[in-house]
Amino acid sequence: MSKKSGQFVAVSTGMLLAGHISVRSLSELKNADVVFCLVPHPVIEEWLKQVAKKVVSLQSLYAEGKHRMDTYEEMVSMMMKVVRLGKSVCGAFYGHAGVFAWAPHETIRQAQAEGYHAYMEAGISAEACLYADLGIDPGNFGVQSYEASQFLFFNHTPNNKAYLILWQIGLVGEHTAKKLSTTKNRIRKFVEYLMKWYPPNHEVTIYEAQVLPIDKVRKDTVRLDELEQEELKLISTLVIPPAEKLTVNEENLKVYGITASEIAKR
């Protein structure tokens, strides 16, 4: 089936201003008729305006007391309206366009369903920065990654022999999707819940990636039971290292004819 004129590309700008964006994504920004952007700092928006022909910010669609899904649907509607005019549209999204981002995925789904060319360019995410900044190799112990409130509200059981990464810890327990913060009481109750698997004195890290070159990476290590006392932002991520050592699965080793000493050499 031939594609209609007009297209949509979701571009990942990376975490660090102008430093993480790929060559392909930069090319899409330069060649698009219109770039819709959702970035966390006005300096990044100004940089986009220097690169692209026309930039429209989506940030103003957010409002206190407004359900975030209403905001996301408005974003999709704005971008699809221009795609249907036959324009080359680029959505520029902070970090990785496909991570914690409903609007880019939905715009691609709608555009493809209507016969338009639409796809996403990969980018450097907060998780990629986290591994680099905290010196974590996910291949050593394994990693579990959850949005904090989803972890709380659903029956997830963490493996405390691996890393546990909890995103948007500064929103944990906020269920209305109308507020951009939580309360100390909710954080305290969340810590109590985590103590089912981790001791109170277990050291955890509050992580925030660098956005501007002048910014510093936040990697504050605190006891789990002191988390309530810390400043937690919308961009704060909680990293919980393993609390127990890996143990050998003797049954599986026997099936493969491997000894525990051979595994220890890896």
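The values are calculated or read from the model by the stated rules, or taken from the named source; none is laboratory data. It should be emphasised that the depicted structure is a prediction, and the values quoted were computed from it without experimental measurement. Here the Cβ positions follow ideal geometry from the backbone for every residue, glycine too, while neighbour counts run over all protein chains shown.
A few points about this structure:
- Taking the range 216-226 as the range and being touching a residue at least 24 places away in the same chain (Cβ under 8 Å) and out of contact with any strand residue (DSSP E or B) (no Cβ under 8 Å at 6 or more places or on another chain) as the test, only ASP225 passes.
- Of all residues in the range 227-247, none are over 30 Å from GLY65 (Cα atoms) and free of Cβ contacts under 8 Å to residues at least 24 places away in the same chain.
- Any hit, the range 207-215, residues being assigned by TED's automatic domain parsing to the domain that holds PRO158, polar (S, T, N, Q) and surrounded by fewer than 13 Cβ atoms within 10 Å (Cβ to Cβ): no
- Residue ID - farthest from the chain's Cα centre (by Cα), chosen from residues in the range 232-241 that are surrounded by 14 or more Cβ atoms within 10 Å (Cβ to Cβ) and more than 18 Å from ASP133 (Cα to Cα): LEU232
- In the range 165-177, residue surrounded by the fewest Cβ atoms within 10 Å (Cβ to Cβ) [restricted to those that are touching a residue at least 40 places away in the same chain (Cβ under 8 Å) and aliphatic (A, V, I, L, M)]: ALA177
- For the range 240-262, the tally of residues that are over 30 Å from GLU147 (Cα atoms), of a type in the set (Val, Ile, Thr) and assigned to a loop (DSSP other than H, G, I, E, B) stands at 2.
- Helices (runs of 4 or more DSSP H) wholly inside the range 122-188 containing at least 1 residues that are assigned by TED's automatic domain parsing to the domain that holds LYS216 and among the aliphatic types (A, V, I, L, M): 126-134, 148-153
- Selection of first residues in the range 178-197 that are more than 14 Å from PRO158 (Cα to Cα) and of second residues that are assigned to a helix (DSSP H, G or I) and among the basic types (Lys, Arg), restricted to Cβ pairs under 8 Å at least 6 apart or on distinct chains, gives the following pairs, ordered by first then second residue: LYS178/ARG68.
- Any hit, the range 216-231, residues being surrounded by 14 or more Cβ atoms within 10 Å (Cβ to Cβ) and outside the structural domain of GLY142 (by TED's automatic domain parsing): no
- Scanning the range 90-110 finds one or more residues that are over 29 Å from LYS4 (Cβ atoms), in contact (Cβ under 8 Å) with a residue 24 or more places away in the chain and either in contact with a Phe, Trp or Tyr (Cβ under 9 Å, 6 or more places away or on another chain) or not in a loop (DSSP other than H, G, I, E, B) (or both).
- Any hit, the range 93-100, residues being of a type in the set (Ser, Thr, Tyr), over 30 Å from HIS202 (Cα atoms) and in contact with a Lys or Arg (Cβ under 9 Å, 6 or more places away or on another chain): no
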